[in-house]
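The values are calculated or read from the model by the stated rules, or taken from the named source; none is laboratory data. None of the values given here were measured: they were computed from a predicted structure. Here the Cβ positions follow ideal geometry from the backbone for every residue, glycine too, while neighbour counts run over all protein chains shown.
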Amino acid sequence: MKYLDHLEEWLIASLMGAATLIIFVAVVHRYLSGLNIPGLQTFLISLNTSWAQELCIFMFIWMAKFGAAYGVRTGIHVGVDVLINRMDTRWRGRFVVIGLLAGAVFTALIGSLGAYMIWHLSGDQTSEVMEIPMRYVYLCVPLGSWLMCFRFLQVMLHFIRTGDLPRHDHAYVEGLDDEIAETGAKA
């Protein structure tokens, strides 16, 4: 399970880093191409970076789908649970399980419909600038949705076993407790 967790985090971080780098290079290219420096301007104009925007849009779509699954696993999605938290413990648990199960069913349905769409997509449909098959772009819908469904089921089983839901603590920094323990031991 840790392997899947790290793969998910690595994929999101890599896409985010690569998209940031690509956009930075495209903006610098666009700015420097506007400078009237003979030789440099001609060279930069000959470079085509029109693909950068389209690629970054596709990368952000993939980030969003896998980021949503990450959000379910870590508990960072916004939830309106005022009424649920005021319920009796027994009823609260039932409604939480129903809500998580509804999320799993919905994301499984979206994933299956996404797979159906890709299966029936025309093979010659390509992106406008990069001309890559749109199947690869749309593949994030079933993959991300099915991963999110898996995360809903994972959280639901953990809740049934322990009664705990994942909570995101904005003040928590991973590894900081270990660092504090080490500096405390040295002192």
Can you pull out every residue in the range 147-168 that is surrounded by fewer than 19 Cβ atoms within 10 Å (Cβ to Cβ) and within 15 Å of the chain's Cα centre (by Cα)? PHE150
PRO133: passes all of (1) in contact (Cβ under 8 Å) with a residue 40 or more places away in the chain; (2) farther than 26 Å from THR162 by Cβ but (1)
Filter pass, ILE84 being part of a helix (DSSP H, G or I) and at pLDDT below 95: yes
Could you list, in sequence order, all residues of the range 142-177 that are within 26 Å of PHE95 (Cβ to Cβ), touching a residue at least 12 places away in the same chain (Cβ under 8 Å) and among the aliphatic types (A, V, I, L, M)? LEU147, MET148, LEU153, VAL155, MET156, ILE160, LEU165
For the range 87-121, name all the residues that are touching a helix residue (DSSP H, G or I) at 6+ places or on another chain (Cβ under 6 Å), free of Cβ contacts under 8 Å to residues at least 40 places away in the same chain and farther than 25 Å from PRO133 by Cβ. ARG92, PHE95
Inspect all residues belonging to the range 138-151 and state whether any of them is within 30 Å of SER50 (Cβ to Cβ), in a loop (DSSP other than H, G, I, E, B) and not small (Gly, Ala, Ser). yes
